[in-house]
Amino acid sequence: MSQNYAFSSSVVAKLVGITPVYLNALVHRQLYGIGPSISDRHGEIKVRIFSEEDVFGIALVWMLFETGLRTESIRDVLYKLVETEEPDATAAADFLRTSEVDYLGIVREPSKGKARPKLRVEPTTEEHLNGLVKECVAKYPTANIVLVPVGQKFADVSGKIKVMYGE
């Protein structure tokens with residue numbers, strides 16, 4: 001799947017469509033298991049270098065963030081996609097890519113009192129999208145349903161990488 005490409009922070013920001021400030025915040029907060037898997041030190045300067053897998057993990061977290069999900073909900077989504085001790089966006093993105101998922105359906109039931117809202121994560125294909133939405137509306141009539149087009153975003157990022165490397 002991967003050609004072992006390496007990307008600087010500025011290139012990652014362009015590939016994903018995230019501002020460098022947000023990228024920096026995601027990496028520094030260490031809440032989603034994303035960071036540079038390749039780093040290099042040039043004297044006093046440490047350069048962050050991201051692998052192709054890192055780029056897709058960052059893209060996944062950024063898509064979830066852009067839907068309006070809060071930190072804990074994003075972490076819950078990552079946990080529900082891959083069972084790990086800590087949230088791992090890179091592993092979650094890899095799972096979604098190898099499963100050829102087109103959409104990530106996120107169903108959030110309203111919170112009751114101080115309890116956190118119940119969250120369900122439903123990876124699906126375009127072929128099954130209408131059925132998923134109908135099922136979720138019938139089963140959870142008061143829930144918010146968010147559809148995240150992960151397949152298209154990953155294809156877009158992959159296409160940009162291919163253009164960069166003249167493939």
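Bear in mind these aren't lab numbers, they're just calculated from the coordinates by the rules spelled out. Bear in mind that the values here come from a model prediction, so they are computed numbers and not experimental data. Here the Cβ positions follow ideal geometry from the backbone for every residue, glycine too, while neighbour counts run over all protein chains shown.
Treating each Cα of the chain as an identical point scatterer and ignoring solvent, apply the Debye formula and state log10 I(q)/I(0) at q = 0.08, 0.17 Å⁻¹.
Debye intensities relative to I(0), on a log10 scale: -0.26, -1.04.
FRET efficiency for residue 163 and residue 139, Cβ-Cβ distance as r, R0 = 45 Å, nearest 0.05? All intermediate terms of the calculation are to be shown ahead of the outcome.
Details: r = 42 Å, r/R0 = 0.93.
Plugging the Cβ-Cβ distance into 1/(1 + (r/R0)^6) gives 0.60.
Please give the net charge around residue 32, taking every other residue with its beta carbon less than 12 angstrom from that of residue 32, where Lys and Arg add +1 and Asp and Glu add -1.
On the way: positive: 29, 75; negative: 54, 72, 76, 86, 88.
Counting the neighbours of residue 32, the net charge comes to -3.
Distance in nm between label sites at residue 8 and residue 156, each 7 Å beyond Cα in the beta-carbon direction?
Label at residue 8, label at residue 156, 2.4 nm between them.
Tell me the label-point distance for the pair residue 30, residue 70, using the 7 Å Cα-to-Cβ offset, in nm and rounded to one decimal.
Roughly 2.4 nm, to one decimal.
For the pairs 14/134; 14/139; 112/134, flag any whose C-alpha to C-alpha distance is greater than 30 Å.
Violating the 30 Å limit, Cα to Cα: 14/134; 14/139.
Using the alpha-carbon centroid of each, what span in Å lies between region 1-30 and region 150-167?
When both Cα centres are located, 14 Å separates them.
Cα axis of helix 89-98 to longest principal axis of the chain: angle in degrees, 0 to 90, nearest 10?
That works out to roughly 70 degrees.
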